[in-house]
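Working notes, beginning with the structure itself.
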Amino acid sequence: AKSHVVCDQGVMVFGLDPGLKDTVQLVTAPAGRKAAYTKFGSGVCDGNEKFNKFALEEEYPTLSEEKNLDWKLITTREAPGICNAESVDECFHLCSVVSECKFFATHFAVNCQACLLFKSCPSRGMSSLVEDNVGGDSQTGDLQMYDIFQLEESESEVNAEKNLVKNPSFNEGKSGWTELCPPMMYNGKNLTFGCQNEGVSTSLSKELGGDTTAYHIKGNCWQGSRGGVYQDIKTEFGYTYTVTFKVIDGWFDKKKSKEEKSWVEVQSPVNHPLMDEEIRTGASLKKPTSGQWETKGPFKFVAASETTRLFFYSGGTACTNIDEVVVRKTKDAKLAVFSFATLIQEKNFIVTKGSFVSSDNSSAGSSIKVLKENTVVMKPSEASGDGSEETAGENDMDINTRDLTTGGCSRISGFVRYVPTPLYQYDEGEVNNGSLMSTVSFEVQEPVGQRLGKAMEIGVTGGVLNAALDPSPESMRIRVKMEELVDPEEEDEEAKMNAALRSASVVELQMNFFCQGGGNTRKAWRLNTYEYTGNEGLCISLAARDSIGMGCHEVTCRQNPTSDASLQPCNEEDWAQNFYVDGKLLRSASPADRCLAVDYKSKSSSNCKPMTLKLCDSSDPGQRWSVQGGRRPQEVAQLRMEDGYVASVPKAASEFASFDMKVQACKEQDVPNVKSWNQIPSPMMADLVRSHELGSNFTQTASMGSGELLVAKVWAEAICPWYFNPPIHTDSRYIKCYNDELCDPSDDKEDCCASKGGTFMCSSSAPYMCKAKKNGENPSDYFCVQENEDCEIYGGRRPCEGPPGLAGSSGEAGDVGEAGEEGPQGVSGLVTDAVLPPSGAKHMLSQPASNAEVLGALVVNLGMAFLVFRNLKAKIKDRLEGKAGSVAPRS
């Protein structure tokens, strides 16, 4: 079979026979996954696992900057492909770029130079498919058989199945492995006892479910010790790996514990931890045996270096044994790696809220700065928080990851530790008794308000964070909470001094963000402006023109029924004129993540549709653009929708184009001469745009060195979107709450925002917000209705006002209330059998005593008391006179 080898470097081929010139083909390696292809057969692949033509069309609109792809459903089996492939190598290039493509077929007919793509090829159609007329005319079509080719796996894909660990089962002794005893306090854990590394055991019982060899991490284990072993492996920067291994403990007959724990740590690069997983096992390899070897993992990590260290360690009375250690590269796409320090230095992310607003101290006394390399220093403050007791000492940083890459961030890993000031040499006693642990906790929330795992109580030995993220939420929160140790009224001067020293302490972070979408940050966008060819110097602009009620501010648009887009003097530094081609989307340089859109829902009487900015949504037909042409100098472009509407200046058909003229989407046949644009690359970078960013709906403040507050400009649309005519709404069935969450009134009840700060923006079906809070019981919230008139029964429209304030402090306790009414008589108690009194005695429990009986008993008791008193009085008198008990003296 003919084989094609693709080289990514120049090569020379010698000694080819002239008759074999077609046997070897050298083609340029694509940037995709595959390295070669071979002839598989003839016909067309047939099977149930097919590509979706529309998904391919959306994700792969072009093969290169010079070539747009014309996706079609070809052959009677509706196989997706293109009709403008120029060669087998170009079809190979396309298949190597498309995810999951493993087979492709070519057919170079006159009417369609076909390139078909397939995920699999379980069977081949040889009759109807081969004879299918790709040109569409069964009488005159040029029939030709399809050739099927299979893509061969690249070295990278083969390595994805390879175990990267040398000597994983320890059959070669310690080869590839190195002993290393961890410190007594390590990653926030007190391992205690002395170092005593062990080695390979070679006489284990196969009855435990493994072979006879394994690595026994430490000696004298059941009496207490610590030890460890590591191996450095080769990894690829930004790729995901998994760790699995077998583990078993032992000697449970000699120690109290019946379950032990150990840890596996990953350092990438070496000495920079990014994973530290706890392993527990109750199985024992020594008699009396209990259970068998247990497989742990897979544990995922993303490599941040070409060398990664895998470190197993344990302490205390654990008798840990490991075997069959496996590290494999997954087939997950390569991730972009952003160090936290680099992001702060380059300001490549946006802090939208929190104490750590800049390198300068905030008003609460918190600060953030880059210390060295990948180390960020955060100085928390006990004075931070929103003023309530519950939030005291909470130092928050909200990070907008939406602007970091196009695909969002999927993992955050790194090392965090507490550094008290001043630093001093700790003695072993302090280490052992845990006095170096702080009252500082660290946590990550994503989305904001939802903590990932448990909060880390960090000390000087630190802790390791390795958290998987959901790439869809646009914001995450880092929280450092500092507990107050000293009562403000404490008189102890030493305590006050220690508190002052502690307030200068910091938290050090060595963290990486692992994000999808490669390194395609906003800073790397290739932005363009679109200049109208009918009057050079005027460009499409979405800038607000408040005087005529059109255009867009940083966070909202006027939603002018004619159009929000207009011609304005070209300004390459204006975010409202800059756009980035992202597949079918034309992303605006607007900081609010919006795209150029056609408002098909407009009730305009014109044949043209208004253009505006909407939150980017590739499924919205009004945002699916095709930029045709404009890729070469002096070549004009058209901005075309799938249904034939084009961006145009209809008024310019009858008069000379000037600024403030509306730019609208019109049917191409209606505007043949006013639809062309010069696509001009813009030198503007997106980080220049971010100075306009409004991180929340409200005023942002940043502390200056002089204590003066810098207040960002905030438009009314960002404060009270319900106040406009027509109101600004979410353009969906959802309503937006003050805490930025969305909820559906039909599913979550009409007051679903009441517990989330209140309603900030109504839905498109009920955009008007009324003044009275009538749609909830406790708590109540503002009411959204369909028409303006519907608010009349609710006190009219809601006026423009800011967000709700914080809840006030609790009032004084009220007066004690009056005693309640006397309660009903209780239920009668149980009657039990009483002991019978002696014969002749009266049963005192059967009935109460009579008055005569009570009087008689009283007389008897008084008589007995009189006799006792009289006798006692006589004895006292005799003793006083010397008579009682006296003896006569002898003569």
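The values are calculated or read from the model by the stated rules, or taken from the named source; none is laboratory data. Owing to the predicted nature of the structure, the values given are computational and were not obtained by experimental measurement. All Cβ positions, glycine included, derive from the backbone under ideal geometry; neighbour counts span all protein chains shown. Please note that ligands, DNA and RNA were not included when accessible areas were found on the heavy atoms of the full protein model with its side chains. Shrake-Rupley method; radii C 1.70, N 1.55, O 1.52, S 1.80 Å.
Here are a few things to note about the model shown:
- Pair list, Cβ under 9 Å, 6 or more apart: the range 736-748 residue closer than 10 Å to Thr759 by Cα and touching a residue at least 40 places away in the same chain (Cβ under 8 Å), other residue aliphatic (A, V, I, L, M) and open to solvent by less than 80 Å² (accessible area, probe 1.4 Å): Asn739/Val448; Asp740/Val448
- Residue match in the range 24-37 (condition: at pLDDT 70 or above and not in a loop (DSSP other than H, G, I, E, B)): yes
- Residues of the range 552-570 satisfying the condition of being open to solvent by 70 Å² or more (accessible area, probe 1.4 Å) and over 12 Å from Met611 (Cα atoms): Pro569
- Among the residues of the range 278-313, those identified as at pLDDT 95 or above and under 25 Å from Gln223 (Cα atoms) are Phe311, Phe312, Tyr313.
- Members of the range 662-671 that are touching a strand residue (DSSP E or B) at 6+ places or on another chain (Cβ under 9 Å) and open to solvent by 60 Å² or more (accessible area, probe 1.4 Å): Lys667, Asp670
- Subset of the range 171-195 [at pLDDT 90 or above and of a type outside the set (Ser, Thr, Tyr)]: Asn171, Glu172, Gly173, Lys174, Gly176, Trp177, Glu179, Leu180, Cys181, Pro182, Cys195
- Hits in the range 303-340 - residues which are assigned to a strand (DSSP E or B), of a type in the set (A, V, I, L, M) and crowded, with 23+ Cβ neighbours inside 10 Å: Leu310, Ile322, Val325, Val327
- Of the residues making up the range 611-631, those that are open to solvent by 20 Å² or more (accessible area, probe 1.4 Å), under 15 Å from Asp731 (Cα atoms) and assigned to a strand (DSSP E or B) are Lys614, Leu615.
- The set of residues in the range 182-212 that are of a type in the set (Val, Ile, Thr) and within 14 Å of Lys286 (Cα to Cα) comprises Thr202, Thr212.
- So Ser358, is it part of a loop (DSSP other than H, G, I, E, B) and at pLDDT 70 or above: no
Residue-by-condition table, conditions (1) in contact with a strand residue (DSSP E or B) (Cβ under 8 Å, 6 or more places away or on another chain); (2) more than 29 Å from Thr307 (Cβ to Cβ); (3) among the acidic types (Asp, Glu):
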{"position": "Thr202", "(1), (2), (3)": "no, yes, no"}
{"position": "Thr212", "(1), (2), (3)": "no, yes, no"}
{"position": "Lys218", "(1), (2), (3)": "yes, no, no"}
{"position": "Tyr239", "(1), (2), (3)": "yes, no, no"}
{"position": "Thr244", "(1), (2), (3)": "yes, no, no"}
{"position": "Ile248", "(1), (2), (3)": "yes, yes, no"}
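- Whichever residue in the range 178-200 is outside any strand (DSSP E or B) and among the aliphatic types (A, V, I, L, M) and, among such residues, is most open to solvent (accessible area, probe 1.4 Å): Leu180
- Residue match in the range 742-751 (condition: of a type outside the set (Lys, Arg), more than 23 Å from the chain's Cα centre (by Cα) and within 21 Å of Gln559 (Cβ to Cβ)): no
- Matching entry among Glu741, Glu777, Glu750 (being at pLDDT below 85, touching a Lys or Arg at 6+ places or on another chain (Cβ under 7 Å) and either farther than 20 Å from Gly802 by Cβ or not polar (S, T, N, Q) (or both)): Glu741
- Taken over the range 571-610, the criterion of being open to solvent by 10 Å² or more (accessible area, probe 1.4 Å), closer than 21 Å to Phe659 by Cβ and modelled with pLDDT under 90 is satisfied by Asn571, Glu572, Glu573, Asp574, Trp575, Ser606.
- Whichever residue in the range 278-334 is of a type in the set (Phe, Trp, Tyr) and under 33 Å from the mean Cα position of the chain (by Cα) and, among such residues, is nearest to Lys254 (Cα to Cα): Tyr313
- Listed conditions (1) part of a loop (DSSP other than H, G, I, E, B); (2) modelled with pLDDT under 80 are all met by Lys50, apart from (2).
- Count of residues meeting criterion [surrounded by fewer than 20 Cβ atoms within 10 Å (Cβ to Cβ) and within 24 Å of Asn167 (Cβ to Cβ)] in the range 214-229: 1
- From the options Asp211, Asp232, residue that is surrounded by 15 or more Cβ atoms within 10 Å (Cβ to Cβ), in a strand (DSSP E or B) and not hydrophobic (A, V, I, L, M, F, W, C): Asp232
- Qualifying residue in the range 639-661 (condition: in contact with a helix residue (DSSP H, G or I) (Cβ under 7 Å, 6 or more places away or on another chain), open to solvent by less than 20 Å² (accessible area, probe 1.4 Å) and under 18 Å from Cys570 (Cα atoms)): yes
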